[in-house]
Every structure is written in structure tokens, then in C-alpha cells.
1. Using just the alpha carbons, could you tell me how many Å³ per residue the convex hull of the range 65-226 encloses?
2. Of Val141, Val171, how do they rank once you tally other Cβ atoms within 10 Å and put the fewest first?
3. Please report the net charge: other residues with Cβ closer than 11 Å to the Cβ of Gly129, K and R +1, D and E -1.
4. Using a basic spin-label model with each label point 7 Å from the Cα along Cα→Cβ, how many nm lie between Arg144 and Asp173?
5. How much length would be gained if the chain were fully extended between Asn135 and Trp121, taking 0.36 nm per residue of separation minus their Cα-Cα distance, in nm to one decimal?
6. Report the relative contact order of the range 65-226, percent, no decimals, based on alpha-carbon pairs under 8 angstrom and at least 6 residues apart.
7. Taking other Cβ within 10 Å of each residue's Cβ, how do Leu5, Leu160, Leu199 sort, fewest first?
Amino acid sequence: MASWLNIREDRKLDLLKIPPEFRVNGKAPIYIAKARIDSSLVPGYVRQRNPVASTGAVRAIPSPAANLLTSPDRDTSPNSSTKMSTIRWLNVREGRTLNTDIIDPEYFVNGEPPIVIARAWHGGHLLPGYVRLSNHVGYFVQRREVVKKTEFQLLLDGSLEWQEVGEGDPVPDNALKVGKTCREPLFLGKAFVNGEDLLGMVTGSVCSVATDRGVFETRTFSILVQVRR
């Protein structure tokens, strides 16, 4: 008779305790799993790098930052309640060091730690952007100027996906409100900039991305949206 381990919401599995013989090309294995969805028990699997059951009913953007969280019950901030899934953020305080050694190597790009979705408070505004884990610096835009931060929030998880936005298209109704000003919500976009995918603030129909060379603006980008479980 098979035995099953119950994994509750928000429980994290310790990658470091996986014996080397179970790894494939140095990566954590996948596991046979089952989950209850709409009163049905659905078979599927779990990827250890991003503990979200893949049954076809739930879509999610893998977040490398999820591996940086050592305690799911401490130092996290949920988004405001929505009809979709709860979005969790990891608060990174000034001077806190993130251990990138525990991130799955699959996320690395050219041997460098990945960039991750982030947001940060600046001048009373909550700005969407990204963090380069290679130097622990966050990149954001305000008033068409680059803002760099070392205190920010990293996206941990949520049922999310990227949706392409053409020039002149309105912001989708299910776009995730990642940040805000005193007058309007702010969304997160993804654009190809200087040979890599970078993330930036979306207002109106423009995505503004902070780079070391200045602010890059585009009207053709993908926007982060929530999807139903």
C-alpha cells in the first residue's frame, strides 16, 4: 500500500535534505502527487524548485525567490484580498543578505543568479520593478528616473501568468496591481531590453523599465495577470 505525505498550503520543503542520488543533473527531482480540485482527486506531479502541483488546473510563474524563504510564517506580506489567489511577498530589509546558493541552477542565466519580480516603497509610492540577485539591488522607475533600492519585497508565489499587450491595448481587467501611487494602481510589465527580459512599471499603455543606462520605455510588452485556480 502506498503512503502519501500531506503538504499543506505555505509549507516549504527543504531542498538541501534531498540525497544526491535522487537528483537529476544536479537538480531536485519531481514527485508523484495528487490534489483535491473541485471535489475531485486529480493525479499530477510536484517540482521541488517551485512547490506548485501541476495538474493542468493551476498555472503559476515559478519564482526563484520562493527558495530564499526559510520560514513561510515570518517576514512575508500578502497582497490585499482578491477573488483570485493570494499573492505573497518576501520583505527584504536593509542589510539583509540573500543566499543565492540555494536557488535551483536552472534559473541561472549565463552563470549569474536570475532577476526576480519585486516592488519597493519610494517617496510614498509602491513601485513595481525587479531585483538583480547577483548584486542584491532593486531597479525601479519614478518620474522617468531610475531608482535603485536595497530594501524591497520579492514575489514568492501566486497563480499568475504573462499576457501580451499590443500598442494601444488597454490594461487587462485581471492585471495584478503590484504597486500604487496616491492616485492610481501600478502594474508590472516585461520587455526585452538590451538582450534580456527585464521588468518595469506599467502606467496607461507604457511599460517603463529601469536599467543601468537609464529608463527604457515601450508600448509593446507583456503584463502580469492573475488567473483563477
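1. Details: hull volume 19.5 nm³, N = 162.
Output value, Cα hull per residue: 120 Å³.
2. Numbers: Val141 25, Val171 18.
Ascending Cβ contact count within 10 Å gives the list Val171, Val141.
3. Details: positive: Arg119, Arg132, Lys148, Lys149; negative: none.
Counting the neighbours of Gly129, the net charge comes to +4.
4. Each label point lies 7 Å from its Cα, and together they span 3.4 nm.
5. Details: separation 14, 0.36 × 14 = 5.04 nm, distance 1.92 nm.
My answer for the length gained is 3.1 nm.
6. This gives 22 percent for the range 65-226.
7. Working: Leu5 8, Leu160 22, Leu199 28.
With the fewest neighbours first, Leu5, Leu160, Leu199 line up as Leu5, Leu160, Leu199.
Every read-out reported here was derived from the displayed coordinates using simple, explicitly stated rules and does not represent laboratory data. Just so it is clear, the structure is predicted and the values come from calculations on it, not from any experiment. Neighbour counts are summed over all protein chains in view; Cβ atoms, including those assigned to glycine, are modelled from backbone coordinates with ideal geometry.
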